[in-house]
Amino acid sequence: MKQFPKGFLWGGATAANQYEGGWNEGGKGISVSDCAKHHFGVSVEDYKAHNSITSQDVYDALESTDDSLYPKRNASDGYHRYKEDIALMAEMGFKVYRMSIAWSRIFPNGDELEPNEEGLKYYDDVFDELKKYNIEPLVTMSHYEPPIHLVLNYDGWASREVIDMFVRYVEVICNRYKDKVKYWLTFNEVDSMIRHPYTTGGLIEDRFPNRNFQEVIFQAMHHQFVASALATKICHDIIPGSLVGCMLTKLTYYPHTCKPEDVLQAQQDMRSTYCYSDTQVFGEYPAYLLAKFKNEGLNIKMEENDLKVMKDYPVDFVSFSYYMSSCSAKTTEGLSTATGNTITAVKNPYLKSSDWGWQIDPIGLRVSLVDLYDRYRKPLFIVENGMGAKDELINGTVDDQYRIDYFQEHFKEMYNAIVIDGVDLMGYTSWGCIDIVSESTKQMSKRYGFIYVDADDLGNGTYNRYKKKSFNWYKKVIETNGASLFDES
């Protein structure tokens, strides 16, 4: 009988900034995501427009009392409904739940010396609820959640001082939850600093006049690399047996043609993502990234022990998000383009697309798994995958057969990667296992979950939860450890 390996960790994933809400409750400080505005009337395919931000935009957000403009302030109301949601996850049979701790709940401004006890207690309660159902938490330390105070007073991760603030935060959460959390991730999609520096690094370009903003971004990235290594050390020291992973956006590129120039472009595009995980896995900057710094005149300031710290404390495993693949071409003139997970690239004529223009490629997930495992020889964990769709609630449920079809094909390719290709895959957490506010477009109507949340893009609705058709389908997949995927019926 075809099954996934014994002990495979099936589950789902959310992030505090997209799920919790309760943005001004429990002593929580304001985060960068609480100031991220939904751009009504802008094409969902215009990722850059949805994620551009200025200092004035932040000041306007801090003055605004209209939460409908800032969807993440209410999100899915998980802050108040987590017990109900965890019970639903347990009903599906989750073995693991990927979540994040909101930095701004623990240190509201980020630079305090003492943490917010009410925030710490909240996560105690969440972890206790998970333990009640034997669900392992997989916790991201920083998932698009820098406190806005660090942006306005320290220029975010561009400041060396933020490393010490993050270390203090990590020490607090590791000590507090050492008996409750074994699996950790440091920074979500650490490579995304280059694509949306505000949410990842608290960087706003207009705050760096007369400076090369590309240099600022890579300087902030360096600070996160050092902080991630220190977080790994802290975790290992405080929690024996803990495992710490990095997390990258797996952008998989195919050459648009076999023309050598297109093949080279695809290789260069792949390197533009791999350079971040290469650094965290191997504990040192790859030669090609150092060459980029030199060739482009990027002066990255490093302190004496930075490189040693990075080398001494690499990650234990590699986690990643996978939603789609793209094509690369040296010259894109005249070629169709497709939007996707924070990128716009050449469209693959052999693939279908989602309602949001993301191309659907199950085989690309197998390609990604093989590429990553061949490259790193460390256990892998798929911590984000899924399809955003326009679900319609009818008679208390959603007939989302399209979502079932999507997962069916992706799960089979995961199985092939494990059994045929020998990939060591620890587990899988579907993204937005319960409907959450989309990161790319700040919409609730872009739904990923097995559980429907009755709320619209403006925050209107009851926020009641409803099981979709895919709920029971995924329950059976977990119950049979994947065997149901291969049923002939």
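Hey, among the residues in the stretch 93-124 that are in contact (Cβ under 8 Å) with a residue 60 or more places away in the chain, more than 17 Å from residue 383 (Cα to Cα) and aliphatic (A, V, I, L, M), which one's surrounded by the most Cβ atoms within 10 Å (Cβ to Cβ)?
Restricting to residues being in contact (Cβ under 8 Å) with a residue 60 or more places away in the chain, more than 17 Å from residue 383 (Cα to Cα) and aliphatic (A, V, I, L, M), the top hit is 102.
Is at least one residue of the stretch 216-223 of a type in the set (S, T, N, Q) and under 18 Å from residue 57 (Cβ atoms)? Quick ask: steps written out before the conclusion?
Within the stretch 216-223, the first condition is being of a type in the set (S, T, N, Q), and the residues that meet it are 219.
From what's left, under 18 Å from residue 57 (Cβ atoms): none.
Within the stretch 216-223 (the criterion being of a type in the set (S, T, N, Q) and under 18 Å from residue 57 (Cβ atoms)), the answer is no, since none of the residues qualifies.
Here's a check for you: in the stretch 184-226, which residue that is in a loop (DSSP other than H, G, I, E, B), touching a residue at least 12 places away in the same chain (Cβ under 8 Å) and not aromatic (Phe, Trp, Tyr) is surrounded by the fewest Cβ atoms within 10 Å (Cβ to Cβ)?
Here the answer is 212.
For the stretch 411-425, state whether one or more residues are closer than 22 Å to residue 368 by Cβ, touching a strand residue (DSSP E or B) at 6+ places or on another chain (Cβ under 9 Å) and part of a strand (DSSP E or B).
Scanning the stretch 411-425 turns up at least one residue that is closer than 22 Å to residue 368 by Cβ, touching a strand residue (DSSP E or B) at 6+ places or on another chain (Cβ under 9 Å) and part of a strand (DSSP E or B).
Mind checking whether some residue in the stretch 320-334 is of a type in the set (Val, Ile, Thr), surrounded by fewer than 21 Cβ atoms within 10 Å (Cβ to Cβ) and in a loop (DSSP other than H, G, I, E, B)?
Yes, the stretch 320-334 contains at least one residue that is of a type in the set (Val, Ile, Thr), surrounded by fewer than 21 Cβ atoms within 10 Å (Cβ to Cβ) and in a loop (DSSP other than H, G, I, E, B).
Just for the stretch 249-276: of the residues that are of a type in the set (Lys, Arg) and closer than 27 Å to residue 193 by Cβ, which one is surrounded by the fewest Cβ atoms within 10 Å (Cβ to Cβ)?
Taking the candidates together, the pick is 271.
Would you tally the residues in the stretch 313-340 being in contact with a helix residue (DSSP H, G or I) (Cβ under 7 Å, 6 or more places away or on another chain), modelled with pLDDT of 95 or more and more than 30 Å from residue 403 (Cα to Cα)?
Here the count works out to 3.
Within the set of pairs 6 or more residues apart or between chains, which connect a residue that is among the polar types (S, T, N, Q) inside the stretch 4-24 to a residue that is outside any strand (DSSP E or B) and surrounded by 18 or more Cβ atoms within 10 Å (Cβ to Cβ) with Cβ atoms less than 6 Å apart?
14/436; 17/33; 17/72; 17/144; 17/145; 18/75; 18/436; 18/437
With respect to the numbered conditions (1) surrounded by 17 or more Cβ atoms within 10 Å (Cβ to Cβ); (2) within 29 Å of residue 100 (Cα to Cα); (3) within 23 Å of the chain's Cα centre (by Cα), which one is the sole condition not fulfilled by residue 400?
Going through (1) surrounded by 17 or more Cβ atoms within 10 Å (Cβ to Cβ); (2) within 29 Å of residue 100 (Cα to Cα); (3) within 23 Å of the chain's Cα centre (by Cα) one by one, residue 400 breaks only (3).
Go through 145, 118 for me and flag whichever is more than 30 Å from residue 7 (Cα to Cα), modelled with pLDDT of 95 or more and acidic (Asp, Glu). Give the steps one after another, and end with the answer.
Values: 145 fails: modelled with pLDDT of 95 or more.
Result of the check over 145, 118: 118.
Kindly list the number of the only condition in (1) touching a Lys or Arg at 6+ places or on another chain (Cβ under 6 Å); (2) of a type outside the set (Phe, Trp, Tyr); (3) more than 24 Å from residue 138 (Cα to Cα); (4) outside any loop (DSSP other than H, G, I, E, B) that fails for residue 383.
Unmet for residue 383, out of (1) touching a Lys or Arg at 6+ places or on another chain (Cβ under 6 Å); (2) of a type outside the set (Phe, Trp, Tyr); (3) more than 24 Å from residue 138 (Cα to Cα); (4) outside any loop (DSSP other than H, G, I, E, B): (3).
Please verify whether residue 445 is of a type outside the set (D, E, K, R) and either in contact with a Cys (Cβ under 7 Å, 6 or more places away or on another chain) or in contact (Cβ under 8 Å) with a residue 24 or more places away in the chain (or both), treating the condition exactly as stated.
Details: of a type outside the set (D, E, K, R): yes; either in contact with a Cys (Cβ under 7 Å, 6 or more places away or on another chain) or in contact (Cβ under 8 Å) with a residue 24 or more places away in the chain (or both): yes.
Against the criterion (of a type outside the set (D, E, K, R) and either in contact with a Cys (Cβ under 7 Å, 6 or more places away or on another chain) or in contact (Cβ under 8 Å) with a residue 24 or more places away in the chain (or both)), residue 445 qualifies.
Across the stretch 468-489, which residue is nearest to residue 89 (Cα to Cα) among those that are part of a loop (DSSP other than H, G, I, E, B) and free of Cβ contacts under 8 Å to residues at least 24 places away in the same chain? Lay out the reasoning, then the answer.
First, pick out the residues of the stretch 468-489 that are part of a loop (DSSP other than H, G, I, E, B): 468, 480-482, 487-489.
Now restrict to residues that are free of Cβ contacts under 8 Å to residues at least 24 places away in the same chain: 487-489.
Details: 487: 24, 488: 27, 489: 26 Å.
Filtering first and then ranking leaves 487.
If I ask for residues that are buried (at least 24 other Cβ atoms within 10 Å of the Cβ) and either in contact with a Ser or Thr (Cβ under 6 Å, 6 or more places away or on another chain) or in a loop (DSSP other than H, G, I, E, B) (or both), which ones from the stretch 125-140 would you list?
Listed by number, the list holds a single entry, 140.
If you take the residues of the stretch 415-444 that are of a type in the set (Asp, Glu) and surrounded by fewer than 23 Cβ atoms within 10 Å (Cβ to Cβ), which of them is farthest from the chain's Cα centre (by Cα)?
Checked the stretch 415-444; the qualifying residue farthest from the chain's Cα centre (by Cα) is 421.
The values are calculated or read from the model by the stated rules, or taken from the named source; none is laboratory data. Computed from a predicted structure; not experimentally measured. With ideal geometry, Cβ positions are generated from the backbone for all residues, glycine too; neighbour counts draw on all protein chains shown.
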